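First up is the structure itself, then whatever we jot down about it.
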Ligand SMILES: Nc1nc2c(ncn2[C@@H]2O[C@H](COP(=O)(O)OP(=O)(O)OP(=O)(O)O)[C@@H](O)[C@H]2O)c(=O)[nH]1
Ligand SMILES: C=C(OP(=O)(O)O)C(=O)O
């Protein structure tokens with residue numbers, strides 16, 4: 001089964017606020033873009049992925065991610081993350097009604113195509129499924145089979161909300177790169193230890209990270 005991935009990205013100037021103590025205001029937008037570039041590039045290299053749509057209003061990010069091969073969908077209706085994901089899913093399915101769709105966070109700089117394939121192949125067995133983040137509190141990927149609504153409930157404690165919504169929690173081992181989102185300096189160190197893509201490696205080299 002081939003999936004369409006929907007990747008949400010808020011304006012870079014406001015992104016990754018929890019990294020303020022790791023990257024200053026001058027570097028943080030570049031770091032957020034680098035995470036998104038490595039996430040999108042790995043997703044596009046995944047055999048289970050047919051196409052990637054980024055939902056964003058950020059002009060620079062839209063230009064750079066389109067250059068990698070992503071489609072860009074405008075962030076409507078301006079009602080935050082879940083509203084943007086619901087809108088983007090409708091747009092994607094208006095072109096391809098029978099498509100399997102998954103929402104994937106834009107902050108997975110260590111993402112490996114082979115691990116994403118394993119997650120999507122397993123998700124294909126269920127109407128809705130998700131993968132919890134590395135902290136086991138949030139969600140990095142929520143998948144909906146053809147004909148099923150995505151019903152995204154991302155945000156604080158989204159693991160519990162996705163579980164309560166009836167989505168199946170996938171308990172796969174060896175898919176760390178799909179789970180390793182980067183919200184804090186500690187998360188960034190964990191992602192660097194897993195091995196990040198080239199955009200994040202270059203951006204992180206401009207930071208002074210203790211232990212690296
Ligand atoms: N298109 C879109 N994406 C969003 C929106 N809010 C958050 N996102 C994206 O959703 C994912 C998770 O978002 P958050 O954890 O809220 O924000 P963040 O930038 O990752 O980190 P913080 O600023 O530290 O909260 C990231 O990929 C964000 O860029 C929104 O309103 N619209
Ligand atoms: C939005 C989410 O991610 P983050 O960890 O970036 O808040 C989430 O886990 O639902």
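What follows draws every value from the coordinates through simple rules; no lab data is involved. Every value quoted in this text rests on a predicted model; they were computed, and no experiment measured them. We place every Cβ from the backbone using ideal geometry, glycine too, and count neighbours over all the protein chains shown.
Checking each residue in segment 102-125 for being surrounded by 24 or more Cβ atoms within 10 Å (Cβ to Cβ) and away from ligand 2 (no atom under 16 Å from the Cβ) picks out 116, 120, 123. Do you know which residues across segment 35-62 are over 22 Å from residue 95 (Cα atoms) and out of contact with any helix residue (DSSP H, G or I) (no Cβ under 8 Å at 6 or more places or on another chain)? Once the filter is applied, which keeps residues that are over 22 Å from residue 95 (Cα atoms) and out of contact with any helix residue (DSSP H, G or I) (no Cβ under 8 Å at 6 or more places or on another chain), segment 35-62 yields 39, 59.
Total residues in segment 126-156 satisfying the condition of being outside any loop (DSSP other than H, G, I, E, B), in contact (Cβ under 8 Å) with a residue 40 or more places away in the chain and either near ligand 2 (Cβ under 10 Å from one of its atoms) or surrounded by fewer than 21 Cβ atoms within 10 Å (Cβ to Cβ) (or both): the figure is 5. Which residues, taken from segment 62-88, are more than 16 Å from ligand 2 (Cβ to nearest atom) and under 13 Å from residue 8 (Cα atoms)? The answer is 62, 65, 70, 71, 72, 73, 74, 76, 78, 87. Residues that are without any contact (Cβ under 8 Å) to a residue 60 or more places away in the chain and within 19 Å of residue 16 (Cβ to Cβ) within segment 34-62 comprise 54, 55, 56, 57, 58, 59, 60, 61, 62, listed in sequence order.
Inside segment 41-73, can you point out the residues that are within 13 Å of ligand 1 (Cβ to nearest atom) and over 12 Å from residue 6 (Cα atoms)? Residues satisfying the conditions are 57, 58, 61, 62, 65.
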